[in-house]
Amino acid sequence: MTRKGRSQVAGSEGQRETGRGKRRIPFLLAVAGSAYAIDLFSKLIVVARLENHPPVEVIGTWVTLGVRRNPGAAFGIGGATTILFTVIAVAVALVVARLARKLYSVPWAIALGLLLGGALGNLTDRLFRTPGHFQGAVVDFIAVRGFSVMNLADWAIVCGGVLIVFFSFRGWELDNAARGSLAPASLPSSP
């Protein structure tokens with residue numbers, strides 16, 4: 001049977017269905033949108049309530065909440081190269097958009113959605129926070145003593161990255177094809 005013969009348009013959503021199942025682009029966008037919205041609203045609340053105030057202790061002095069503006073990357077690395085991190089965030093968004101064409105796997109949609117949502121969250125800061133023009137400082141507010149100060153976009157990026165590494169080592173593919181023994185095709189899928 002030809003590829004065209006295996007493909008059919010499914011429902012009003014216009015999702016293509018093949019032997020691999022449905023494309024998971026809407027699911028990827030839902031995860032990315034959720035991660036982005038949670039990050040954006042958390043930063044708005046933190047800046048409104050905690051900026052220019054002493055840190056709030058969450059778990060003693062081990063975990064505190066307080067606003068810090070970070071022009072660099074994780075651990076304050078590269079503070080003078082803010083525009084480079086802006087370009088990287090745009091590149092990540094473009095790569096995820098390109099990979100989405102092959103996306104039929106729910107686990108991969110979650111991982112790529114987290115990565116995209118986190119990248120867009122930090123990109124929004126770089127575009128619109130002072131001084132702006134691709135050089136804005138990211139709002140970080142979760143301080144773990146002796147480790148780092150981060151935000152929820154950073155957590156989304158890290159979780160998405162860890163999932164991508166895990167899926168790659170397991171041999172799980174974006175299109176639900178299996179290289180490993182436990183492929184996502186064998187996992188329960190959502191409707």
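The values are calculated or read from the model by the stated rules, or taken from the named source; none is laboratory data. The structure presented is a predicted model; accordingly, all values stated were derived computationally and were not measured. All Cβ positions, glycine included, derive from the backbone under ideal geometry; neighbour counts span all protein chains shown.
List of remarks:
- Subset of the range 152-191 (residues that are at pLDDT below 60 and assigned to a loop (DSSP other than H, G, I, E, B)): Arg179, Gly180, Ser181, Leu182, Ala183, Leu187, Pro188, Ser189, Ser190, Pro191
- Just one residue in the set Arg6, Arg20, Arg24 is more than 17 Å from Trp155 (Cβ to Cβ), buried (at least 16 other Cβ atoms within 10 Å of the Cβ) and at pLDDT below 80; that residue is Arg20.
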